[in-house]
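First comes the structure, then the notes that go with it.
What follows draws every value from the coordinates through simple rules; no lab data is involved. From a predicted model like this one, the values you see are computed outputs, not experimental measurements. No Cβ is skipped: glycine too gets one built from the backbone with ideal geometry, and neighbour counts run over all protein chains shown.
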Amino acid sequence: MRRDPSQARPLTKTPSPFWHPARHADRRAFLLARGRIKAELRAWFDGQGFIEVEPGCLVVSPGNEAHLHAFATERIGPDLSRTQLYLHTSPEFAMKKLLAAGEEKIFAFAPCFRNREQGALHASEFTMLEWYRTGASYDVMMADCMHLFATAAATAGARWVSYGGQTCDPRAPPERLSVAAAVSRYAGIDLLATVTEAGNDRARLADAADAAGIKVGRDYTWADIFARILTERVEPQLGVGRATLLCDYPASEAALAQRSAADPRVAERFELYVCGVEIANGFSELTDAQVQRANLEAEMQLKQERYGERYPIDEAFLSALDHMPPAAGCALGFDRLVMLASGAERIEQVVWTPLTI
């Protein structure tokens, strides 16, 4: 007998909300692991003499990286005056102001907000573990990252970390690999041949990408081509077997980091990769306010050209740089770290109350 279409069961079923008892039961082990990991990391920072701070989320500028998108809001004063404000994409500006104020070692588990981001590894609201050390370089932050990664895995009882069909030993010494070396190894491209202090050679990089079989659009900028090379050829190879510390980014891709004294074409920036997933981004901090202003304005000009919008420059942040000592900082995606350590497959599995729309 032919079934009435109105009685047919749907081919796909909408997932139960996070608060449904059955779904919560499936997620609970990951959430409890999150709590244990946070407690262990907090204890380590305390033992290192760090002070935990709580940066405010409501800011005059959400950050000035061209490809990050913020949530905007409005403050209405008692006199009914209106002021444009944002939810921050990172607590970076606020925490650097605290370094300028005299704090030397600080960390925060900070709620962060980014628009246009949603997926297995992305959420509109997520937790950033961010920390800073005065008088330190990015080398120290790399060592911190590896300790935090190993601690998280051990706390979750993970001998190996797995994601996307790849595995990584959290106890193994990491591979430290420069961006130029990684692009040469995995794409066969001499990246630094297209980079100068004065600017980057878009045509030369486009030709190299084409020769390597990487398709790029006619309207792609040098940065777009670099990003395509990184995502297509490099990132999937990183953090396999052992973690990778990808370091020394082209200076144009590190607006908040200081340039390398050894090679001013690159900046002292690194990212930590595990199973092809980027989980941390750190650098030796740029403290020259004039250079920082130029970098942020260039980012906002690119944002205007690409997306038709720009965010204000935080003038208080630039003023604070005049008082900020040499320092290094790092931002680690805490939710991603918990995912990898606990064996979760999607970010909402490790977030207590994921956004449901």
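For the chain, modelled as a GNM with alpha-carbon contacts under 10 angstrom, which of L87, L302, L246 fluctuates the most?
L302
Taking neighbour counts of Cβ atoms within 10 Å as a proxy for exposure, in what order, fewest first, do W222, W19 appear? Numbers along the way, then the final one.
Working: W222 20, W19 9.
Arranged by neighbour count, lowest to highest, W222, W19 become W19, W222.
A211 to W352: extension gain in nm, 0.36 nm per residue of separation minus the Cα-Cα distance? Walk me through the numbers before you get to the answer.
Values: separation 141, 0.36 × 141 = 50.76 nm, distance 4.69 nm.
Additional length available on full extension: 46.1 nm.
Test of understanding: express the Cα radius of gyration of segment 1-158 as a ratio to 2.2 N^0.38 Å, with N the residue count. Don't skip to the answer; put the middle values down first.
Details: Rg = 21.5 Å, N = 158, 2.2 N^0.38 = 15.1 Å.
Relative to the 2.2 N^0.38 Å estimate, segment 1-158 comes out at 1.42.
Taking all pairs of different Cα atoms in segment 24-114, averaging 1/r and flipping that mean, what Kirkwood radius in angstroms comes out? The partial results should precede the final answer.
Details: mean 1/r = 0.0638 Å⁻¹.
One decimal place: 15.7 Å for the Kirkwood radius.
Fewest Cβ neighbours within 10 Å first, please rank V183, V291 accordingly.
Numbers: V183 24, V291 14.
Neighbour counts put them in this order, fewest first: V291, V183.
Stretched out fully, how many nm does the piece from E197 to D139 gain, at 0.36 nm a residue minus the Cα gap? Show your work: numbers first, answer last.
On the way: separation 58, 0.36 × 58 = 20.88 nm, distance 2.32 nm.
Computed gain between E197 and D139 is 18.6 nm.
Please give the FRET efficiency for R242 paired with D263, using the beta carbon to beta carbon distance and R0 = 30 Å, rounded to the nearest 0.05.
0.70
Would you list, by chain and number, the aspartates and glutamates whose Cα falls below 18 Å from the Cα of K303, excluding same-chain residues fewer than 8 positions away?
E65, E117, D219, D224, E253, D314
Tell me the Rg and the Dmax, in Å, that the Cα atoms of the chain produce.
Cα only, the chain: 21.7, 81 Å (Rg, Dmax).
Could you tell me what % of all Cα pairs in segment 277-357 have separations over 23 Å? Intermediate results must be reported in sequence, preceding the final value.
Numbers: 1624 of 3240 pairs.
Of the Cα pairs, 50 percent sit more than 23 Å apart.
Rounded to a whole number, what is D in µm²/s for segment 317-357 from Stokes-Einstein with the Kirkwood radius over alpha-carbon pairs (37 °C, 0.692 mPa s)?
On the way: Rh = 13.2 Å.
Taking Rh from Cα pairs, D becomes 248 µm²/s.
On full extension of the chain, what length is gained from Q84 through A289, given 0.36 nm per residue of separation minus the C-alpha to C-alpha distance? Please list the in-between numbers first.
Numbers: separation 205, 0.36 × 205 = 73.80 nm, distance 2.43 nm.
Separation in residues times 0.36 nm, less the Cα-Cα distance, equals 71.4 nm.
Set the Förster distance to 35 Å, then compute FRET efficiency between A72 and A39 from the Cβ-Cβ distance, nearest 0.05. Don't skip to the end; give the middle numbers.
Details: r = 35 Å, r/R0 = 0.99.
Step by step, r from the Cβ atoms, then E = 0.50.
Any chance you could check the Cα centroid distance between segment 115-173 and segment 324-348 for me, in angstrom?
5
So what is the 222 nm mean residue ellipticity for the chain from helices alone, if each DSSP H run of at least 4 adds -39500 (n - 2.57) and you divide by all residues, rounding to the nearest 500 deg cm²/dmol? All intermediate terms of the calculation are to be shown ahead of the outcome.
On the way: 9 runs with 118 residues, N = 357.
The helix-only estimate for the chain comes to -10500 deg cm²/dmol at 222 nm.
In this model, which of K38/K215; K38/K97; K96/K215 are farther than 30 Å apart at the alpha-carbon? Write out the running numbers ahead of the final one.
Numbers: K38/K215 42 Å; K38/K97 25 Å; K96/K215 39 Å.
Going by Cα-Cα distance, K38/K215; K96/K215 fall outside the 30 Å limit.
Rounded to the nearest 20 debye, what is the charge dipole size of the chain about its Cα centre when +1 sits on each Lys and Arg Cβ and -1 on each Asp and Glu Cβ?
On the way: 39 positive and 46 negative charges, 335 e Å.
Here the size comes out at about 1600 debye.
Rounded to whole Å and ordered largest first, report the semi-axes of the equivalent ellipsoid of segment 227-331 derived from its Cα gyration tensor (root of 5λ).
Details: eigenvalues 140, 67, 29 Å².
Value: 26, 18, 12 Å, ordered largest first.
Please report, in whole Å, how far the alpha carbons of segment 157-232 spread along each principal axis, starting with the longest.
Dimensions of segment 157-232 along the principal axes of its Cα atoms: 49, 25, 17 Å.
May I ask you to list the trypsin sites (Lys or Arg not before Pro) in segment 297-349 that are in a DSSP loop and have at most 12 other Cβ atoms within 10 Å of their Cβ? Present the calculation step by step, with values, prior to reporting the outcome.
Details: sites: K303, R306, R310, R336, R346; in loops: R310, R346.
Filter output for segment 297-349: empty list.
Taking amide H positions as placed in the peptide plane 1.01 Å from N, state which residues far from R176 in sequence (5 or more) or on other chains have amide H under 5 Å from it.
L245
If eta is 0.890 mPa s and T is 25 °C, what Stokes-Einstein diffusion coefficient results for segment 215-270, Kirkwood Rh from Cα pairs, in µm²/s? All intermediate terms of the calculation are to be shown ahead of the outcome.
On the way: Rh = 12.6 Å.
Once the numbers are plugged in, D ends up at 194 µm²/s.
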